[in-house]
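Participant: Structure in structure tokens, see below.
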Amino acid sequence: MPAAKGGSPSAKRLYHHGDLRRALLEAAWLLVAEKGLAALTLREVARAVGVTHAAPYHHFPSRTALLDALAEDGFRRLDRALSEAKAEPMQGCPPGTDAAELLDRIGRAYVDFACAQPEQLQVMFRPRHLDSEGPPPPALAQIGAKAYGHLSEAVRACQEQGLAPPGDSAALALSAWSLVHGFATLWIQGQLGDLVPDAAGFAHQRDQLLRNLQVGWQAAAVTARKDDAAAADQAAKAKVAVSMSSACDGGLIQTTSG
């Protein structure tokens, strides 16, 4: 039932309990889920809650302000989902590998959140027209960075445990985010077709993608350690050669002087 006609019972309850802002947000989420982002207007949200067309403007002076508030709400929900995934007890992890499990949990939680709430992902990552809308408000930028920080933290932990190659952790985090976000987006848009036909196949492919990512990182970490060891060995040999050369030159000079 479209929100614009029947309204959202939960949103109306919130309104009658005095939380109009929250009611407007809930009605907006329902409208986006049922009719798409293009259908979202302040007038339609007001109609869904059962208030005058002017009422939403006391909380959201423009459609952009409403979209920013929705995006902030979405990132807070994502942040909560990732925090809950991290907080689960670690069980059966060999010593020194809990960072790999942490990265897996965050990846699974991100994909599952995105696929369960596609309308939220659509709003959170909508194209922004800076010329007409300006930059994101500070609160939105901060919660977005906080949510992304869970992934960055897991990547650095993997590096510290030798489970990811050293170097730029931000680049590794970007590659991991691109993987999970891209997979979730393909699933949401129905682009995977027969490749991932059902929920069981979805879960298997999600876990396989995360596993392949970590296998690649761990192999790169091993290669980096071998390269570092080889470079250190070469440097040590070069130092010995220089010392021996200096000693020989010194002996030659003394012999000639004598």
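Participant: For a quick check, take a GNM of the chain with Cα springs below 10 Å and name the residue from Gln161, Gln191, Gln214 with the largest mean-square fluctuation.
Facilitator: In this elastic network of the chain, the residue with the biggest mean-square fluctuation among Gln161, Gln191, Gln214 is Gln191.
Participant: A further question on this structure: Give me the percent relative contact order of the chain, please, defined on Cα pairs under 8 angstrom at least 6 residues apart.
Facilitator: 16
Participant: Helix by helix through the chain, keep the DSSP H runs that span 18 Å or more along the axis on Cα and average at least -1.0 on Kyte-Doolittle, and give those back in order.
Facilitator: Helix filter hits for the chain: 20-35, 63-87, 98-116, 138-160, 169-188, 199-257.
Participant: To one decimal place, what orientation-averaged projected area in nm² is obtained for the convex hull of the Cα set of the chain?
Facilitator: For the chain, the mean projected area of the Cα convex hull comes to 22.8 nm².
Participant: Let me make sure I get this right: for the stretch 141-229, a, b and c are the square roots of the gyration tensor eigenvalues over alpha carbons, sorted descending. Under 1.5 in a/c it's rounded, otherwise prolate if a/b > b/c, else oblate. Which is it?
Facilitator: oblate
Participant: Follow-up question, since we're still on this one. Provide the packing ranking of 79-90, 55-66, i.e. peptides ordered by the mean count of other C-beta atoms within 10 Å per residue, highest first.
Facilitator: Per-residue mean Cβ counts within 10 Å order the peptides as 55-66, 79-90.
Participant: Along Cα→Cβ, 7 Å out, is where each label goes; now give me the distance between the ones at Ala145 and Gln161 in nm to one decimal.
Facilitator: 2.7
Participant: Taking 0.36 nm per residue of sequence separation and subtracting the Cα-Cα distance, how much length would be gained by fully extending the chain between Ala238 and Ser175, in nm to one decimal?
Facilitator: In short, 18.9 nm is gained.
Participant: Can you figure out the FRET efficiency of Ala224 with Asp198, using R₀ = 45 Å and their beta-carbon distance, to the nearest 0.05?
Facilitator: In this case the efficiency is close to 0.70.
Participant: Going by average Cβ density within 10 Å per residue, which order do the peptides 130-138, 43-51 take, highest to lowest?
Facilitator: 43-51, 130-138
Participant: Quick one: if the Förster radius is 30 Å, what FRET efficiency do Thr52 and Arg22 give, using the C-beta to C-beta distance and rounding to 0.05?
Facilitator: 0.95
Values in this text are rule-based calculations from the coordinates and carry no lab data. Everything quoted here is computed from the prediction, not taken from an experiment. Counting neighbours? That spans all protein chains shown, and the Cβs are built from the backbone with ideal geometry, glycine included.
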